Structure formats: structure tokens, C-alpha cells
Amino acid sequence: MKPFLFSLLFSFIIPLSSINVAMAQFEGEIIYHMIDPSEENSDSSNMLLMFTKNRIYVNTSNDVNMMAGLSTSGILVRNDHQDFVLTIDNNEGLQIARSELENLSSMLNRLQGRTAVQQKPFPWDEKVVETGNSQEIQGYSAQQFILNGDTADEYVSIWLTDQIKVNWGLLLEAWNSTGKYQFDNEIPIEVVMNQTSFPLLIEVYRENEVVFLAETVSINTDQFDRSKVEISSDMKLLSFTDLMMNIFRQQR
């Protein structure tokens, strides 16, 4: 199993069950630390998730390459504006409207030589086990679930809390319209991202050794920088059309 949380978030593919818009929305900042403990000199990274009433901001300590010539360190999901804004650098951002998601997905597929994959139903009863184990993580009560892999020595341990609930909004729509057709069904992300629970600790095991760890190291619901869910006045926003024209010029 691949380290999946980081890459999938930045590919707009957080699948969920139906969203209840009347639910109590978590507002705060959550920071994960991610590493491969099995490697002595493994690179580590941090990921920040910030939630407010209508917006979600995700930022990482390492840039993510979306495609040739385009990398991002952060993504702002604006449910109130029905768009995404990818941070290209301190002065530029790529604005993608909800209506443009399918076109962007098609373009990425072509550039990466990837074909859409039709998903098969995930065998929940066979692969997901609730262990009954519980622990407190960063002041929140969490329960353990095991997601079994294709072999006996491969599985994922996921600790979920029902004390954090998030309305993922456009991210759900992005998954339903594009994401689930581009990725294999190795891990059903709805196990860790859904309307009733939130992951605080994820450990990927192979041959009884942790090969990927995503651990919550901070949860702040009081004093966090809400300006991160706003676009600074000096940031230039590029449109999806601007991106297409830039790619066309580079290929000439």
C-alpha cells in the first residue's frame, strides 16, 4: 500500500458519503507529521489542514508536482465561491471553478498518459475490521479500525475520532465527478474521511513493520491564522484558460 493521504488530498480526491450540511462544522487547524519509520534517513513532511465554516485550506512543507511545470504547496477550497485556488508561489495562484474540474482531470490524464479506471465495489465486509481498541490522541477519543491488504502481512491501522466532523463540500463533488475514475481501489478513502469521523493517526504496515506514518501532532481550535483561508490582495489569480494557454505555448 502506498502512502496515500498526502497525495490524494492534493489530487482533489477525498471521497465521502452524503454530506449533512446541518451538521456541526469543525473549525480549527490540524497538523500532521508524516514519515516512513522503516527508513533510517527517510524524508519527513508536515501537512496542515484548516477548516472554517465555508472553506478548507491544505498546505504541506513539500511542494507537490501536479504536472510538468506546475507544482503547488497549498490548496484553498472555497465552498462559498464554488472554486479551488492552488498556490503556485507567493504571488500567483491557479483558480479552478467547480465547472472546470472535469476538463482539468481530462487534461492531466492526457499529459500523464493515464486512462480512467472504472471502480469495482470495495469489499468492506472482507477488509475493514473495527478492533474495539481506543485511545486518546491530542485530547480526542479515537477508535481503531484495521484495513486489511491483499496479503496477510499488509494492512493499515486507522484511528478515528467522532468528535471532529467536517463538511468537505467541493472535495466530495470532485471525487464523484473525476477522482474515483482515475485511481485504483486499493484504499477506500471514505474509511478515513466521512461525515461522522476524522483520522488522527494512520499507520501503514508491511511485514509487521510501519512503512508510513501520518500522525496528528497539533489540533488548535482557538487561536489559528484564519487569513490562510483568504486570498491576499497582491496574489495574481490565473484561470484554467491561462493554464491551458501556457501549456500550449510551451509545447510549440
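Sort out which residues of segment 80-134 are among the basic types (K, R), at pLDDT 70 or above and closer than 27 Å to N148 by Cβ, and write them in order of number. If you could, list the steps in order and put the result at the bottom.
Here is the first cut: in segment 80-134, the ones among the basic types (K, R) are 98, 110, 114, 120, 127.
Okay, now just the ones that are also at pLDDT 70 or above, so 98, 127.
Matches in segment 80-134: K127 only.
Residues of segment 149-174 being more than 30 Å from R78 (Cα to Cα), at pLDDT 90 or above and surrounded by fewer than 18 Cβ atoms within 10 Å (Cβ to Cβ), which ones? I'd like the intermediate steps shown before the answer.
Of all residues in segment 149-174, those more than 30 Å from R78 (Cα to Cα) come to 149-157.
Keeping just the survivors that are at pLDDT 90 or above gives 154-157.
Matches in segment 149-174: E154, S157.
Okay, residues lined up against (1) at pLDDT 95 or above; (2) in a strand (DSSP E or B); (3) within 25 Å of I231 (Cα to Cα):
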| site | (1), (2), (3) |
| --- | --- |
| E29 | yes, yes, yes |
| S38 | no, no, no |
| N46 | no, yes, yes |
| S71 | no, yes, yes |
Checklist entry - Looking at segment 207-252, which of its residues are outside any helix (DSSP H, G or I), in contact with a helix residue (DSSP H, G or I) (Cβ under 9 Å, 6 or more places away or on another chain) and either farther than 23 Å from M47 by Cβ or modelled with pLDDT under 85 (or both)? => result L238, S239
Checklist entry - Cβ-Cβ below 7 Å, separation at least six or inter-chain, first residue in segment 226-241 and exposed (fewer than 15 other Cβ atoms within 10 Å of the Cβ), second of a type in the set (S, T, N, Q) and in a loop (DSSP other than H, G, I, E, B): which pairs? => result R226/T52; D234/N91; K236/N91
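In segment 32-45, which residue that is surrounded by fewer than 19 Cβ atoms within 10 Å (Cβ to Cβ) and in contact (Cβ under 8 Å) with a residue 40 or more places away in the chain is farthest from T221 (Cα to Cα)?
Pass one, segment 32-45, residues surrounded by fewer than 19 Cβ atoms within 10 Å (Cβ to Cβ): 33, 35-45.
Then drop every residue that is not in contact (Cβ under 8 Å) with a residue 40 or more places away in the chain, which leaves 33, 35-38.
Numbers: H33: 18, I35: 25, D36: 28, P37: 29, S38: 33 Å.
Checking each candidate, the answer is S38.
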Checklist entry - Are there any pairs with C-beta distances below 9 angstrom linking a residue in segment 205-224 that is on the phi > 0 side of the Ramachandran plot to a residue that is surrounded by fewer than 14 Cβ atoms within 10 Å (Cβ to Cβ), with the two at least 6 apart or on different chains, and if so which? => result E207/D153; N208/D153
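The values are calculated or read from the model by the stated rules, or taken from the named source; none is laboratory data. Since the structure is predicted, the reported quantities are computational estimates derived from the model, not experimental observations. Note that each Cβ is placed from the backbone with ideal geometry, even for glycine, and that neighbours are counted across all protein chains shown.
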